[in-house]
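Chemist: Have a look at this one.
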Amino acid sequence: MSRYTTTFAALKKKNEGAFVPFIMLCDPTPADSIEIITAAVEAGADALELGVPFSDPVADGPAIQRAHVRALDGGSTVQDALDVVRDIRARYPELPIGMLIYANVAYVRGVDCFYREFAEAGADSILLPDVPVREGRPFDAAAAEAGIETIYIAPAKASPATLEGVAQHSKGYIYAISRDGVTGTERESSVDGLRDVVDNINSYGGADVLLGFGISSPEHVRAAIEAGASGAISGSAITRIIDAHTEGEHPNPGRITDMGALKNELGSFVKAMKQATIAS
C-alpha cells in the first residue's frame, strides 16, 4: 500500500479528512523552507504538496508566483529542492510527500532521470500542472518505472473523456479544482457547486479526491469534506503568511524577518484547517 492509501484509510476510520498544505521549496532559502515545512507538519498536516521553483509558473496566481521568484532569486536549484525533500523524508518516514513541478524541469533533466531522482529523494507523487492527462503517457511510464505515483488535475468543467482519463491515470489522489483559472484569485471564497464537482469526478472511480484552488479558510475545508472530498489542499493562503514575514523584492534575495512569528502564525492556521476536516 502506498503512503496515500494508508493515510486516507486511517483518516476515514477516524471520520477525518486530509489537510494538505502546499509549500514552495527553498522559499526564500532551503534552510528556511525546511523550518516552515516542519512547522506545518508538526501543526497537523496529513500530507504535503511541495513546489519546485520555476521561472514561468503559468498555473499559479500572484502569491505563489512570488514564492517561485524569491526562491530563484536566492539561487535555488533543482538539486537544492531534492536535498530538502530528502531531509523532510528522513524526518517523516510515513508522511505522503507530493511534488508540484512544471514539465520543463522534467524535460531538461531527462524524464526518466527526473522521476528517478525525486523517487530516490523520497517523493511519493508528482503533479505536472501544465501536462493534461491526454498528453501524459510518456510521463506515466517513466513515473511507474521509478515508483512515483502520477497525479492529474480534474478541471471543474472537464469533458467525460478527460475525467475518465484523470480517474484512470491518477494514482495517489485526484487533484480536483472547483473553478477555472489560476491559484489564489479573488474568486477563491466561493464553495458553490462543490458537491457536483466531487460527485462528477467520483462517478468515474479512481483515487481519492482532494479539492484545491481557493481553499483559504476552515470553512472552505469543511465544505470540501462535506461535498465528499477526501481532503483539501491550500497553497496561496499559506504563501501569503510567508509573504507577511519576508522582506526583499526581486531581484534581491528574500529574508525571513521573524521565523518564530512566522511559524506561530502558520501553526495556528494549519491547526484550524486540520480541525475543519474532523467530523463533528
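The values are calculated or read from the model by the stated rules, or taken from the named source; none is laboratory data. Note that the structure is a prediction, hence the values are computed from the model and not measured. Quick reminder, even Gly has a Cβ in these numbers, built from the backbone with ideal geometry, and neighbours come from all protein chains shown. Just the protein is used for accessible areas: all its heavy atoms, side chains included, with ligands, DNA and RNA removed. Shrake-Rupley method; radii C 1.70, N 1.55, O 1.52, S 1.80 Å.
Chemist: Could you tell me whether the range 260-276 includes any residue that is of a type in the set (D, E, K, R), touching a strand residue (DSSP E or B) at 6+ places or on another chain (Cβ under 9 Å), part of a helix (DSSP H, G or I) and surrounded by 14 or more Cβ atoms within 10 Å (Cβ to Cβ)?
Modeler: yes
Chemist: While we're on this one: List the residue pairs whose Cβ atoms are under 9 Å apart, where the first residue sits in the range 148-161 and is charged (D, E, K, R), the second is modelled with pLDDT under 95, and the two are 6 or more positions apart or on different chains.
Modeler: Listed by first residue and then by second, the contacts come to Lys157/Arg179; Lys157/Asp180.
Chemist: Looking at Asp130, Asp87, Asp60 in this structure, which one is in a helix (DSSP H, G or I) and over 17 Å from Ser2 (Cβ atoms)? Give the derivation first.
Modeler: Working: Asp130 fails: in a helix (DSSP H, G or I); Asp60 fails: in a helix (DSSP H, G or I).
Exactly one of Asp130, Asp87, Asp60 is in a helix (DSSP H, G or I) and over 17 Å from Ser2 (Cβ atoms), namely Asp87.
Chemist: Does the range 36-52 hold any residues that are part of a helix (DSSP H, G or I), more than 18 Å from Gly172 (Cβ to Cβ) and either open to solvent by 10 Å² or more (accessible area, probe 1.4 Å) or out of contact with any strand residue (DSSP E or B) (no Cβ under 8 Å at 6 or more places or on another chain) (or both), and which are they?
Modeler: The initial filter retains those residues of the range 36-52 that are part of a helix (DSSP H, G or I), namely 36-42.
Next cut, more than 18 Å from Gly172 (Cβ to Cβ) only: 36-40, 42.
Those that are part of a helix (DSSP H, G or I), more than 18 Å from Gly172 (Cβ to Cβ) and either open to solvent by 10 Å² or more (accessible area, probe 1.4 Å) or out of contact with any strand residue (DSSP E or B) (no Cβ under 8 Å at 6 or more places or on another chain) (or both): Thr38, Ala39, Glu42.
Chemist: Another one. Mind listing whichever residues of the range 90-103 are open to solvent by less than 60 Å² (accessible area, probe 1.4 Å) and outside any helix (DSSP H, G or I)? Quick ask: steps written out before the conclusion?
Modeler: So the first thing to find is which residues in the range 90-103 are open to solvent by less than 60 Å² (accessible area, probe 1.4 Å), and the list is 92, 95-103.
Across the range 90-103, the qualifying residues are Tyr92, Leu95, Pro96, Ile97, Gly98, Met99, Leu100, Ile101, Tyr102.
Chemist: Check Ser55 against each of (1) part of a helix (DSSP H, G or I); (2) at pLDDT below 95; (3) small (Gly, Ala, Ser) and name the one condition it does not meet.
Modeler: (1)
Chemist: Do we have any residue at all in the range 223-232 that's modelled with pLDDT under 95 and polar (S, T, N, Q)?
Modeler: no
Chemist: Let me ask something else. Every residue in the range 148-188 that is at pLDDT 95 or above, touching a Lys or Arg at 6+ places or on another chain (Cβ under 9 Å) and in a loop (DSSP other than H, G, I, E, B), please.
Modeler: If the condition is that a residue be at pLDDT 95 or above, touching a Lys or Arg at 6+ places or on another chain (Cβ under 9 Å) and in a loop (DSSP other than H, G, I, E, B), then Ile148, Gly172 are the ones that fit.
Chemist: Can you go through Ala71, Ala59 and tell me which one is among the aliphatic types (A, V, I, L, M) and surrounded by 19 or more Cβ atoms within 10 Å (Cβ to Cβ)?
Modeler: Numbers: Ala59 fails: surrounded by 19 or more Cβ atoms within 10 Å (Cβ to Cβ).
Answer to the selection: Ala71.
Chemist: Report, by residue number, each residue of the range 118-127 that is crowded, with 22+ Cβ neighbours inside 10 Å and part of a helix (DSSP H, G or I).
Modeler: Matches in the range 118-127: Phe118 only.
Chemist: Now, a different point. Out of (1) surrounded by 18 or more Cβ atoms within 10 Å (Cβ to Cβ); (2) under 20 Å from Asp87 (Cβ atoms), what's the single condition that is false for Ala106?
Modeler: (2)
Chemist: Take the conditions part of a helix (DSSP H, G or I), in contact with a Ser or Thr (Cβ under 8 Å, 6 or more places away or on another chain) and in contact (Cβ under 8 Å) with a residue 60 or more places away in the chain and apply them to Ala67. Does it pass?
Modeler: Working: part of a helix (DSSP H, G or I): yes; in contact with a Ser or Thr (Cβ under 8 Å, 6 or more places away or on another chain): yes; in contact (Cβ under 8 Å) with a residue 60 or more places away in the chain: yes.
Against the criterion (part of a helix (DSSP H, G or I), in contact with a Ser or Thr (Cβ under 8 Å, 6 or more places away or on another chain) and in contact (Cβ under 8 Å) with a residue 60 or more places away in the chain), Ala67 qualifies.
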